[in-house]
Amino acid sequence: MNTENTMQDKVKEIVKKYKGDKSALVAILQDVQDEYRYLPKEALLTIHEQMDIPMARVYEVATFYDAFSLTPRGRFIIEVCTGTTCHVQGGMNLLDTFERSLRINCGETTEDGLFSVDRVGCLGCCSIAPVVRVNDTIHPQMTQDEIPRVLRTYMAKRYGR
Ligand code: FES
């Protein structure tokens, strides 16, 4: 079975879970994104076919929400908070250091597929600003000096250490 068939089967399974309910399109896209860390074109095509929703509509929803990505995302998504409180406490400097350390710009993914870097609005924990979130983990009171250690920690996870 090739990768495309496997992906089609997986997406069909997700659509089936929602009983093909057209109003569940966002939830279906979210499940697909959770599975592949982005929304592959083949997956969108399968959703279009299985749910009988125009491809333009599927794309419209897929591109409307910032949480969705049409390009592959890293295994670790680094979100640097640049909300007001984090901003005044150096959030942009943190973002800049992550970008320089990983040699990518905000919104991009490293060539090895390990890291993506994004900036986000207030993460709701201003009392421990400046804050960086990596996947589901909040790193409080982050400093530029700590960034190499944080990156090493996640790089080690790639090898299961
Ligand atoms: S501004 Fe960063 S957590 Fe609120």
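The values are calculated or read from the model by the stated rules, or taken from the named source; none is laboratory data. Not measured: the values here are computed from a predicted model. Every residue, glycine as well, gets a Cβ built from its backbone with ideal geometry; the counts of neighbours run over all protein chains shown.
Among the residues of segment 32-51, which ones are surrounded by fewer than 17 Cβ atoms within 10 Å (Cβ to Cβ) and free of Cβ contacts under 8 Å to residues at least 24 places away in the same chain?
D34, L45, H48, E49
Which residues, counting only those in segment 112-137, are more than 15 Å from the chain's Cα centre (by Cα) and β-branched (V, I, T)?
Result: I128, V131.
Out of V80, V58, report the one residue that is over 23 Å from I147 (Cβ atoms) and either touching a strand residue (DSSP E or B) at 6+ places or on another chain (Cβ under 8 Å) or not assigned by TED's automatic domain parsing to the domain that holds C122 (or both). First the steps, then the outcome.
Details: V80 fails: over 23 Å from I147 (Cβ atoms).
Within the list V80, V58, the selection yields V58.
Are any residues in segment 122-147 of a type in the set (A, V, I, L, M, F, W, C) and touching a His at 6+ places or on another chain (Cβ under 8 Å), and if so, which ones? Show your work before the answer.
Filtering segment 122-147 down to residues of a type in the set (A, V, I, L, M, F, W, C) leaves 122-123, 125-126, 128-129, 131-132, 134, 138, 142, 147.
If the condition is that a residue be of a type in the set (A, V, I, L, M, F, W, C) and touching a His at 6+ places or on another chain (Cβ under 8 Å), then V131, V132 are the ones that fit.
Search segment 75-103 for residues being within 15 Å of the chain's Cα centre (by Cα) and over 11 Å from D118 (Cβ atoms), and hand back the single one that is surrounded by the fewest Cβ atoms within 10 Å (Cβ to Cβ). Let's see the steps before the verdict.
Residues of segment 75-103 that are within 15 Å of the chain's Cα centre (by Cα), as a first pass: 75-81.
Filter once more, so that each one left must be over 11 Å from D118 (Cβ atoms): 75-76.
Working: R75: 16, F76: 21.
The residue in question is R75.
Does V150 count as in contact with a helix residue (DSSP H, G or I) (Cβ under 7 Å, 6 or more places away or on another chain) and β-branched (V, I, T)?
Values: in contact with a helix residue (DSSP H, G or I) (Cβ under 7 Å, 6 or more places away or on another chain): no; β-branched (V, I, T): yes.
No.
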